[in-house]
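A.B. asks: Here it is: the structure, laid out below.
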Amino acid sequence: MLVTGSDDCLVRIWDVSLGAPLVASLAGHAAPIGCVAISPDDDFIASGGNATNTDSRSKTTITTTYTSTIAAAATVSASRSSRRSGILLLRIRILLLLLLLVLVVVEVVVLVVLIVVVVVLVVVVVVVVVVVVVVVVVVVVVVVVVVVVVVVVVVAVAAAAAAAAAAAAAAAAVVVVVVVVEVVVVVAAAVAVEGVGVGVGGVLVFVAAAAGMGFRVGGVGVGISPPL
């Protein structure tokens, strides 16, 4: 705070920290002001005029001016104290706002971290589920393939066995047919020459009855001569 006195009989109070530094203009002097003083605690201002006479009027004017100046200074001091309190409250509000902003930022960061953690957990769970499903599908496919292979092998073996049995049966039937044919042929030949023919072991034996001799081809032959 700066206090000045001038020849226009006004005491002016200035606050150099403000944009509009003039705080107040104090009137009351009847003569130019020659001196001003501020109390050590900045609560009071004293000013004195430059009166050249010493009559009772001048003294009264100076005294009255002094008293009114002190009252005005007290008012200015109160205003200044109120302004200081307002500035302090403003600073406190700014600090509180900054603290609130910091808390909001912290909450946002914590929320983002939680979201990231949840997303990572969901991704991990999805990956695990996909892996388990893939493993299960692979196992099922392998089991199905093994079952199909076993069934095919069993069917093939059964078919081969059936084919072998059929072949064996066909061969046996052929042998039976051949034997029957042999017997029929021998019998027919024996009847034709009045002799007897015998087939042994599936080998045809032809007997020439007219000559009374028997022929043997890879087996046993019996010949019977015709009756005289």
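The values are calculated or read from the model by the stated rules, or taken from the named source; none is laboratory data. Note that the structure is a prediction, hence the values are computed from the model and not measured. Cβ: placed from backbone, ideal geometry, glycine included. Neighbour counts: every protein chain shown. All accessible areas refer to the heavy atoms of the entire protein, side chains included, with ligands and DNA or RNA removed. Shrake-Rupley method; radii C 1.70, N 1.55, O 1.52, S 1.80 Å.
A.B. asks: Under a point spin-label approximation (7 Å from Cα along Cα-to-Cβ), what is the Val174-Leu100 distance to one decimal in nm?
C.D. replies: That separation, rounded to one decimal, is 10.9 nm.
A.B. asks: State, to one decimal in nm, how far the label point of Ala164 lies from the label point of Ala46, with both points 7 Å from Cα in the Cβ direction.
C.D. replies: With each label point 7 Å from Cα toward Cβ, the separation is 14.1 nm.
A.B. asks: List the residues, sorted by chain then number, that are 5 or more residues from Gly49 or on another chain and whose placed amide H is less than 5 Å from its amide H.
C.D. replies: It is Gly34, by chain and number.
A.B. asks: Now for a different question. For Phe44, list long-range residues whose amide hydrogen, built 1.01 Å from N in the peptide plane, is under 5 Å from its own amide hydrogen.
C.D. replies: Long-range HN contacts for Phe44: Ser39.
A.B. asks: Return the whole-Å distance between the Cα centroid of segment 96-148 and the Cα centroid of segment 1-40.
C.D. replies: Using only Cα atoms to place each centre, the spacing works out to 75 Å.
A.B. asks: Using a 1.4 Å probe, what is the accessible area per residue for segment 101-156, in Å²? If you can, show how the numbers build up before the last one.
C.D. replies: Details: 4590 Å² over 56 residues.
With the other protein chains kept in place, segment 101-156 gives 82 Å² per residue.
A.B. asks: What is the spin-label model distance, in nm, from Val109 to Val137 if the labels are put 7 Å beyond Cα along the C-beta direction?
C.D. replies: About 4.4 nm, to one decimal.
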